[in-house]
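Just below is one structure, and these are the notes that go with it.
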Amino acid sequence: MTSAHTAEQRDSALPEEPPVLPLDPHRPLAVGRILGTLSAILVAGWLAYAVIVNPNIHWDVIVDHQFDDRVLHGLWVTIELTVLSMAIGVPIGVGVAVMQMSANPLLRSLAGAYTWFFRGTPVLVQLLFWFNLGLLFPRLELGVPFGGPKLFSVEASAVITPFVAGLLGLAINEGAYMAQIVRAGIMSVDHGQREAAESLGMSRRKVLTRIILPQAMRIIIPPTGNQFISMLKTTSLVSVIAGADLLTTVSRIYLGNFEVISMLVVASIWYLLLTTIASVGQHYIERHYSRGVHSPQRLSRRVRHNLTGNPAMGAHDA
Amino acid sequence: MPDHLVPMVEARSVRKAFGPVDVLRGVNLSVGRGEVVCIIGPSGSGKTTLLRCLNRLESIDSGRVLVDGQLVGYREGSKGRLVESTYDELRRQRQAIGMVFQRFHLFPHRTAIENVMEGPKVVLGTPDKEARARGSELLAKVGLSGRENAYPSQLSGGQQQRVAIARALAMDPKLMLFDEPTSALDPELVGEVLGVMRDLALSGMTMVVVTHEMDFAREVADRVVFMDGGVIVEEGSPSDILNDPQHPRTRSFLSRVA
Ligand SMILES: Nc1ncnc2c1ncn2[C@@H]1O[C@H](COP(=O)(O)OP(=O)(O)OP(=O)(O)O)[C@@H](O)[C@H]1O
Ligand SMILES: [Mg+2]
């Protein structure tokens with residue numbers, strides 16, 4: 001408003017126009033807001049105090065175990081599981097999304113069945129299924145079907161370790177969610193972009209990879225970042241199949257030393273650190289893909305938004 | 001027929017319906033080499049659809065569309081039926097047909113020069129350095145030297161449309177199609193785009209231009225085609241059609257736009 005006014009002034013060069021006054025600084029006091037803020041600070045302060053001086057949280061135990069070798073190993077497994085399941089889940093999602101939008105009805109229904117099944121059952125159940133795959137197929141074989149010669153045959157229990165079962169479960173489930181996200185991204189790209197690329201004579205694959213997907217990224221990246229962050233936490237579910245991740249590791253330790261709460265605090269500190277770092281990464285990737293379009297959220301805002309889940313903070317750049 | 005006598009564009013009895021709506025009802029159009037044809041007509045008369053049939057962005061229901069003597073997007077099948085060609089065959093033909101859209105459709109994630117380089121690099125496999133040199137040359141030709149690294153969102157509509165023209169020219173097309181290239185522009189930006197198109201016409205490019213700019217048609221076109229209700233009602237030299245139309249529908253259209 002203000003800048004538009006001054007620009008007009010310059011253009012029309014009317015010196016008699018009165019100067020634009022700043023907003024009146026004496027706004028009425030918002031008594032309700034101040035009271036609200038004060039009581040929030042009081043409650044938060046009291047909670048923090050109650051936690052810090054709580055005799056059942058042993059800060060010395062926490063400090064001792066924060067960098068314990070076993071904890072660090074569990075942390076590493078959690079990172080590995082997260083990165084690998086996303087690295088497998090995202091391409092699955094792209095593939096399924098492209099199938100869903102294909103002209104071929106068979107591909108479309110296969111893709112539909114995939115998302116229907118894996119979004120329609122709890123990931124915890126899927127993890128247990130993969131872990132117990134040996135009960136369904138004792139041997140995993142590759143060969144000519146219906147009794148033909150076998151190229152390859154192994155004991156299921158030898159292949160499906162807890163790590164593999166966890167990875168399969170998380171990645172395949174993630175693929176189903178990513179497919180929805182990628183599809184929404186592809187559909188957000190103006191149809192004219194495809195036509196412009198096709199009329200240059202581009203192949204279908206190049207149209208997808210050079211024109212459609214890079215633009216869809218702007219829509220795909222933010223929810224994918226959120227998926228990554230929630231995957232960091234979802235990996236803790238592999239503790240039900242003895243997955244050796246961060247949560248499994250700390251629970252093994254507290255079964256020995258009975259420091260349940262302290263060990264859970266150790267794990268939580270690591271989870272918080274990981275999700276915070278991931279939010280920072282997400283910020284830079286989003287900035288890269290919004291080239292030529294608009295400026296993304298400020299970094300501090302993005303991290304706060306991710307960690308607090310307050311939608312109002314993200315609303316400004318919609 | 002010797003090559004230079006084969007028309008660049010030939011549409012024979014082209015029909016096209018969208019569901020129950022007959023949009024093209026038997027269109028015959030021939031465009032010679034180096035000729036500039038302007039298509040005028042009321043909204044909904046099928047101008048855009050006809051243009052899009054010429055590079056097979058739209059399928060046709062019957063008839064024939066030939067560019068440079070070749071069916072576009074189809075092969076002649078048995079019993080006079082058309083067989084769709086594969087996408088790869090079609091895209092080879094499209095490389096030679098430049099298209100400029102009403103709403104530009106520049107790639108927003110690429111800079112001006114990257115937009116122009118995209119076709120040669122990705123489709124023709126031109127090395128980056130060569131494509132860039134040619135890109136700069138083309139941007140200079142459309143009056144945009146110095147804006148190479150601007151993203152489309154940082155350019156005015158007129159500048160964007162000129163980049164779009166350069167992008168199409170980068171493929172060295174033998175035919176350029178324009179669908180109302182200036183009707184999404186603010187009036188003061190129309191001239192710069194028409195200027196580029198006029199230069200292109202003078203350089204001998206074969207052009208089919210759907211437009212509402214009667215002054216441009218009068219000055220640049222070799223022939224003006226008036227469409228209404230999915231057919232070509234009347235065609236002829238710009239002065240004949242624009243100053244002395246024979247058909248009452250042409251007359252009433254011109255009296256409304258003038
Ligand atoms: N994809 C489509 N699906 C259904 N109907 C369509 C489609 N494209 C065009 N039409 C219809 O076909 C008719 C002709 O459209 P077309 O865009 O070719 O007209 P036009 O002469 O270019 O008009 P304008 O001057 O408004 O651009 C219109 O009635 C339009 O509604
Ligand atoms: Mg049109």
If Rh is defined by the Kirkwood formula over all Cα pairs and Rg also comes from Cα, what ratio Rg/Rh do you get for the protein assembly as shown? 1.10
Rounded D (µm²/s) - chain B, Kirkwood Rh over Cα pairs, Stokes-Einstein at 25 °C, 0.890 mPa s: 129
Using the Cα atoms of region A:104-257 to build a convex hull, what is its mean projected area in square nanometres? 13.2
Computed over region B:110-189, the ratio Rg/Rh where both radii use C-alpha atoms and Rh is Kirkwood: 0.97
Measure of compaction for region B:21-136 (Cα Rg per 2.2 N^0.38 Å): 1.26
Any residue on another chain or 5+ positions along whose placed amide H is under 5 Å from the amide H of A:ARG139 is listed here as A:ALA156
Spin-label model distance (nm) - B:GLN246 vs A:LEU255, 7 Å beyond Cα toward Cβ: 9.6
Taking a label point 7 Å from the Cα of A:LEU136 along Cα-to-Cβ, the residues of region A:82-123 whose backbone nitrogen sits under 16 Å from it are A:113-123
Under 5 Å from the placed amide H of B:GLY41, counting only residues 5+ away or on other chains, we find B:MET227
Sorted by chain and number, the residues with a modelled amide H under 5 Å from that of B:SER62, at a separation of 5 or more or across chains, are B:ARG15
Within region A:246-275: backbone nitrogen closer than 11 Å to the A:HIS73 label point (7 Å, Cα to C-beta): A:249
Can you tell which of A:LEU127, B:VAL67, A:PRO222 lies farthest toward the positive end of the dipole of the protein assembly as shown, using +1 and -1 charges on the Cβ of basic and acidic side chains (Lys, Arg; Asp, Glu)? A:LEU127
Nearest-0.05 FRET efficiency for B:ARG256 and B:GLN70 at R0 = 51 Å, using Cβ-Cβ distance, is 0.85
How high is the FRET efficiency from A:LEU128 to B:ASP199, r the C-beta distance, R0 45 Å, rounded to 0.05? 0.05
How far is the Cα center of region B:1-74 from the Cα center of region A:27-66, in Å? 74
With viscosity set to 1.306 mPa s at 10 °C, what whole-number translational diffusion coefficient in µm²/s follows for region A:61-122 from Stokes-Einstein and a Kirkwood radius over Cα pairs? 110
Taking a virtual spin label 7 Å from the Cα of B:ASP215 along the C-beta vector, which residues in region B:167-183 bring their backbone nitrogen under 16 Å of it? B:182-183
Estimated D of region B:143-258 in µm² per second, where Rh is the Kirkwood radius over Cα pairs and Stokes-Einstein applies at 20 °C, 1.002 mPa s: 138
Protein heavy-atom accessible area occluded, B/A pair - total, 1.4 Å probe, Å²: 2200
Using only Cα atoms, what Kirkwood radius does region A:44-172 have, in angstroms? 18.8
With a 1.4 Å probe and every protein chain left in place, work out the accessible area per residue of the protein assembly as shown in Å², rounded to a whole number. 52
Rounded to whole Å, sorted largest first: equivalent-ellipsoid semi-axes of region A:175-263, Cα gyration tensor: 46, 11, 8
Ignoring ligands, DNA and RNA, what percent of the 1.4 Å accessible area of the protein assembly as shown is carbon and sulfur? 60
Nearest-5 percent of antiparallel DSSP beta bridges in the protein assembly as shown? 60
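The values are calculated or read from the model by the stated rules, or taken from the named source; none is laboratory data. No experiment lies behind these values; they were computed from the predicted model shown. So basically every Cβ, Gly included, is an ideal-geometry build from the backbone, and we count neighbours across all protein chains shown. Please note that ligands, DNA and RNA were not included when accessible areas were found on the heavy atoms of the full protein model with its side chains. Shrake-Rupley method; radii C 1.70, N 1.55, O 1.52, S 1.80 Å.
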